[in-house]
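The values are calculated or read from the model by the stated rules, or taken from the named source; none is laboratory data. Just so we're clear, the structure is a prediction, and the values are computed from it rather than from any experiment. Cβ atoms come from the backbone with ideal geometry, glycine included; neighbour counts cover every protein chain shown.
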């Protein structure tokens, strides 16, 4: 299998044959691209997400979250080569969810131009929020 380059994950979204936006377009992500390719962040290890970033031009450092709760396995992928060519600044992987959002795994992407985007491996009903969420939320597809 060939290594994907920039702009990888072009394809169809499986709905009427329309074309889905790419996940990465020359190192940039968009909310729409992430929503179309949400599975790339669900049920993935920190290493798998780090590899995806590296394949798309990101240099990274993996470290534990500085907001660790007892028993939490949350990890942070810090971007060490920020530039106008890439818009992801940081990725937080919370495979066990969190005490304030429930036990629903999620990946939160911090971007320089799209804001916070959270990919939640569960339904809207499973995810707890107090209504002050700063991130735009992407949930598991209804068919999953």
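When the stretch 22-47 is filtered for residues that are modelled with pLDDT of 95 or more, farther than 15 Å from residue 109 by Cα and in contact with a helix residue (DSSP H, G or I) (Cβ under 9 Å, 6 or more places away or on another chain), only 22 remains.
Of the listed requirements (1) assigned to a loop (DSSP other than H, G, I, E, B); (2) in contact with a strand residue (DSSP E or B) (Cβ under 7 Å, 6 or more places away or on another chain), residue 53 misses just one: (1).
Yes or no, residue by residue, for (1) surrounded by 13 or more Cβ atoms within 10 Å (Cβ to Cβ); (2) at pLDDT 95 or above:
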{"position": "62", "(1), (2)": "yes, yes"}
{"position": "79", "(1), (2)": "yes, yes"}
{"position": "94", "(1), (2)": "yes, no"}
{"position": "115", "(1), (2)": "no, yes"}
{"position": "124", "(1), (2)": "no, no"}
{"position": "128", "(1), (2)": "yes, no"}
{"position": "132", "(1), (2)": "no, no"}
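The residues on offer are 67, 86, and the sole one that is out of contact with any helix residue (DSSP H, G or I) (no Cβ under 7 Å at 6 or more places or on another chain), more than 19 Å from residue 136 (Cα to Cα), surrounded by 19 or more Cβ atoms within 10 Å (Cβ to Cβ) and at pLDDT below 95 is 86.
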